[in-house]
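Every number in this text was worked out from the coordinates using simple rules, so none of it is lab data. Remember, predicted model here, so these are calculated numbers, not experimental data. All Cβ positions, glycine included, derive from the backbone under ideal geometry; neighbour counts span all protein chains shown.
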Amino acid sequence: MALAIMCSGGDAAGMNPAIKKFVDYAYKKGEEPYLIYRGLEGLIDGKIVKAEHRDVAGILHRGGTIIQSSRSKRFFEYQFREQAYNNLKKHNISGLIVLGGDGSFRAMDRFSSEFNLNFVGIPSTIDNDINGTEYCLGSDTALNVIRDALDKIRDTASSFNRAFLVEVMGRDCGHLAIVSAMASGAEICVVPEIEFESEALGKRLRKEVENGRHYALAIVAEGTKKTTEIHKWLQETVGLETRVSILGHIQRGGNPTVRDRLMAFDFTITAMNHLLNSTNSNKVVVYRDGEFKLIEIEEVVSTKYKLPKRYLDAINLLD
Ligand code: F6P
């Protein structure tokens, strides 16, 4: 049986360990593994190559993805989806694994409703914002990159009378920001899910400054688009000289953590075992309550991811 794997959307640490496991396990099971290069763009252009063991040797510890990814505008058009499907058929590919985020799964949901596919998605995004799963590949590595940056920023912040505002990624979701704020002991955390209570927070911080607080750390999720506003507020209302650091794409890089390597292993084996025993099923592997399960792709894309309440509550417990 010919099986293929591809990455779509933002790359995430853990993709390479998943690709390696895919190739090694396919050969172990006597199947033919194919790699689709450059995501949906590559699928449209037929960049599909049969994998050898040597293609995936020495990649397990590397961040990013050796087969590259893309965000495809062309895939929104039917004629290109049809071309993509024909390319899969050309290689007799009867099972497809897609490592991607919410947007990629929406695209796959549409694709699978139009063509006869046997498909499994593996949640992969540093934002950790896919409905139905508690974990997405790449988020632990990104959190560790952020933790490292915040530990260093706190060193310099505490050496001056200064606040630091650090903007972290998270297009629509505050997961990276909240978990990072908890792990680094930040005093302020601003996320898209919760209204920024500038008045109450300003009052509290001004009092603390009067009582001797000489520095503070504020984490702001990119998705709030409030970095400039909060910088001004910290300087003018709270009265702390403030520096801004936007961590940007360094959060997407770095060697996958042990957690991401192990999660890649389990996600991939679960996906492949399912593909080898199904013909026309369109599912996503999710991690819930300590178990790996397969759920329908419609269930995943029909609802927006919601942060667990315990994280939202944690914002009020900072400081
Ligand atoms: O992959 C998720 C993510 O890193 C988001 O956190 C961020 O908003 C977005 O991708 C950035 O996308 P791009 O790399 O295309 O600029």
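The mean sequence distance of close C-alpha pairs (under 8 Å, at least 6 residues apart), as a share of the length of the chain, puts its relative contact order at 23 percent. For residue 235, the shell of other residues with beta-carbons less than 13 Å away shows a net charge of +1, using +1 for Lys and Arg and -1 for Asp and Glu.
Counting only alpha carbon atoms, the long axis of helix 198-210 and the longest principal axis of the chain meet at about 50°. Computed with the Debye formula from one identical point scatterer per Cα of the chain, without solvent, the log10 of I(q)/I(0) at q = 0.14 Å⁻¹ comes to -0.98.
Whole-Hz Karplus values for region 42-49 come out as x, 5, 5, 8, x, 7, 10, 10 Hz, taken residue by residue from phi with 6.51 cos²θ - 1.76 cosθ + 1.60 and θ = phi - 60°; glycine and proline positions read x. With a ≥ b ≥ c taken as the square roots of the eigenvalues of the C-alpha gyration tensor of region 140-252, please select rounded if a/c is under 1.5 and otherwise prolate if a/b is larger than b/c or oblate if it is not? Oblate, since a/c reaches 1.5 and b/c is not below a/b.
Only bridges whose two residues both fall in the chain count here: according to DSSP, what percent of them are antiparallel, nearest 5?
Close to 20 percent.
Residues whose amide H comes within less than 5 Å of that of residue 32, counting only those at least five positions distant or on another chain, are 2, 3 (H built at 1.01 Å from N in the peptide plane). Helix 102-114 and the longest principal axis of the Cα set of the chain meet at an angle near 30°. For the chain, the longest principal axis of the alpha carbon atoms and the long axis of helix 258-276 meet at an angle near 30°.
Let's test the formula: R0 of 35 Å, r as the Cβ-Cβ distance of residue 116 and residue 57. What FRET efficiency results, to the nearest 0.05? My answer for the efficiency is 0.55. Look at the dipole of region 140-252 built from charges on Cβ: of 196, 251, 164, the Cα furthest out on the positive end belongs to 164.
Along the axis of the charge dipole computed for the chain (Cβ charges of +1 for Lys and Arg, -1 for Asp and Glu, origin at the Cα centre), the listed residues 287, 233, 99 are led at the positive end by 99.
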